[in-house]
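The values are calculated or read from the model by the stated rules, or taken from the named source; none is laboratory data. None of the values given here were measured: they were computed from a predicted structure. For neighbour counting, all protein chains shown are included, and Cβ atoms are generated from backbone atoms with ideal geometry for every residue, glycine included.
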Amino acid sequence: MVKLDVITTRGGDAGQTSLGDGTRLSKDAPRVEAMGTVDEANAAIGLLRLHCDEEADAMLGRIQNEMFDIGADLAVPGTAGERLRVSDAQSARLEGEITGMNAALPPLRSFVLPAGSAGAVHAHLARTAVRRAERAAVSLSASEEVNPAVIRYLNRLSDHLFVLSRCLNLAAGREVLWEPGATR
């Protein structure tokens, strides 16, 4: 159980922060960067929820909780002891949701511009933030141990948000496709 009684601790005033195992790291360390980028992506998903129907909002609410699980996974390096770890079952569920959403969409004949409805644009912003989090996790994994399920989940989540953006635009009748060379 998490208990946060004191928010202003002054513990980070010298440019360091604590991981879940008590280890102190510089706030610009790759692990802290990955955790912070996951947090930023989660905030973008929260903003997206303001533009979704009840069904999409429920999916995104669950995803936000899983993003906290990813943060917790990243916050405790290594594999020893009891740790909250992301699993491939979570990625598999995202894949199922992608398949379900995609079934209602027309086939793509061009790239989709991040435009159209407000919901779709927010889905694209969340998608790009998730891609940045994925890059940060991949970069971290080059030098430190990272649960590979974290990287797989972030990869699936960006796909999920892309398909959701298309669903939101379909509902609004506003999908915007790239027209190669249209302004030449």
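Within the set 19, 48, the sole residue that is over 18 Å from residue 146 (Cβ atoms) and either crowded, with 16+ Cβ neighbours inside 10 Å or touching a Phe, Trp or Tyr at 6+ places or on another chain (Cβ under 7 Å) (or both) turns out to be 48. Residue by residue through segment 44-56, note down the ones that are in contact (Cβ under 8 Å) with a residue 60 or more places away in the chain and part of a helix (DSSP H, G or I). 44, 45, 47, 48, 56, listed by residue number. Restricting 147, 169, 102 to residues that are over 23 Å from residue 33 (Cα atoms) and buried (at least 18 other Cβ atoms within 10 Å of the Cβ) narrows the list to 169. Answer yes or no: is there a residue in segment 109-129 that is at pLDDT below 95, closer than 22 Å to residue 28 by Cβ, out of contact with any Ser or Thr (no Cβ under 6 Å at 6 or more places or on another chain) and part of a helix (DSSP H, G or I). No, the conditions are met nowhere in segment 109-129.
Let's see how each residue does on (1) touching a residue at least 60 places away in the same chain (Cβ under 8 Å); (2) touching a Ser or Thr at 6+ places or on another chain (Cβ under 9 Å); (3) among the small types (Gly, Ala, Ser); (4) within 25 Å of residue 67 (Cβ to Cβ):
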site	(1), (2), (3), (4)
93	no, no, no, yes
107	no, no, no, no
133	yes, yes, yes, yes
136	yes, yes, yes, yes
141	no, no, yes, yes
